[in-house]
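What follows is a single structure, written as structure tokens, with notes after it.
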Amino acid sequence: MSRIGRKPVIIPANVTVSLAEGNVITAKGPMGTLTHTLHPDMIVKVEGNVLTVERPDEEHLHKSLHGLTRTLVSNMVEGVEKGFSKELEVNGVGYRAEKKGNQLVMRLGFSHEVFMDEIPGITVEVPAPNKIIVRGVDKQVVGQFAAEVRAKRPPEPYKGKGIKYTTEVIRRKVGKTGGKK
């Protein structure tokens, strides 16, 4: 039995979860609303403030979907209650970020500025020129947008210049040494 799939999802008082026809689950909370269509074979039950996910049989597909479905629902509940955020650092001489309207403008050592538009459901904050915070309700969208920002200039291993997550550790390499020929 899936250890994650077995765990019930506790629904906070300020969040409402409704299940519609065809395993369409909707979570509403103070941060917003999320809707997701779950696999039709998964059995989702809402009893009071507890949501449980069960699988119909021990088939391999159902075993793999059991934990996934529970985690997706749990992330929806957490997202509409508290929201998710990812923090990025911009490292390098002359590298900086700023917010202009609903655009993120970054100077990353290229001959041009890099522009990224905020997508719906995401807010980007730049509290300092070398810090970017991506916030949103949907964990998947927040992570994807943060990954796209990081991909504009990934950190390099010699000097550590580029955009990295604040929790990320860059493995540094030793540069060339002036050896004999």
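The values are calculated or read from the model by the stated rules, or taken from the named source; none is laboratory data. Note that this is a predicted model, so its numbers are computed, not measured. Note that each Cβ is placed from the backbone with ideal geometry, even for glycine, and that neighbours are counted across all protein chains shown. When the accessible area is computed, the model is the full protein with side chains, heavy atoms only, and any ligands, DNA or RNA have been set aside. Shrake-Rupley method; radii C 1.70, N 1.55, O 1.52, S 1.80 Å.
Every condition in (1) open to solvent by 70 Å² or more (accessible area, probe 1.4 Å); (2) in a helix (DSSP H, G or I); (3) under 15 Å from residue 84 (Cα atoms) is met by residue 135 except one, and the failing one is (2). Scanning the range 114-134 for residues that are under 18 Å from the mean Cα position of the chain (by Cα) and either among the hydrophobic types (A, V, I, L, M, F, W, C) or more than 17 Å from residue 98 (Cβ to Cβ) (or both) turns up 116, 119, 120, 121, 122, 124, 126, 132, 133, 134. Considering the range 15-32, the residues that are of a type in the set (Val, Ile, Thr) and in contact (Cβ under 8 Å) with a residue 60 or more places away in the chain include one that is least open to solvent (accessible area, probe 1.4 Å), namely 15. If you go through the range 33-51 and pick out every residue that is buried (at least 19 other Cβ atoms within 10 Å of the Cβ) and either under 17 Å from the mean Cα position of the chain (by Cα) or closer than 30 Å to residue 160 by Cβ (or both), you end up with 1.
Of all residues being farther than 30 Å from residue 127 by Cα and touching a Ser or Thr at 6+ places or on another chain (Cβ under 6 Å) in the range 52-93, which is surrounded by the most Cβ atoms within 10 Å (Cβ to Cβ)? Just the residue, please.
Here the residue is 53.
Would you check if residue 161 is at pLDDT below 90, over 15 Å from residue 83 (Cα atoms) and open to solvent by 60 Å² or more (accessible area, probe 1.4 Å)? Judged against the criteria, residue 161 is not a match.
Could you tell me whether residue 12 is assigned to a loop (DSSP other than H, G, I, E, B), surrounded by 12 or more Cβ atoms within 10 Å (Cβ to Cβ) and at pLDDT below 95?
yes
Within the range 139-146, the presence of a residue that is of a type in the set (A, V, I, L, M) and not in a helix (DSSP H, G or I) is excluded.
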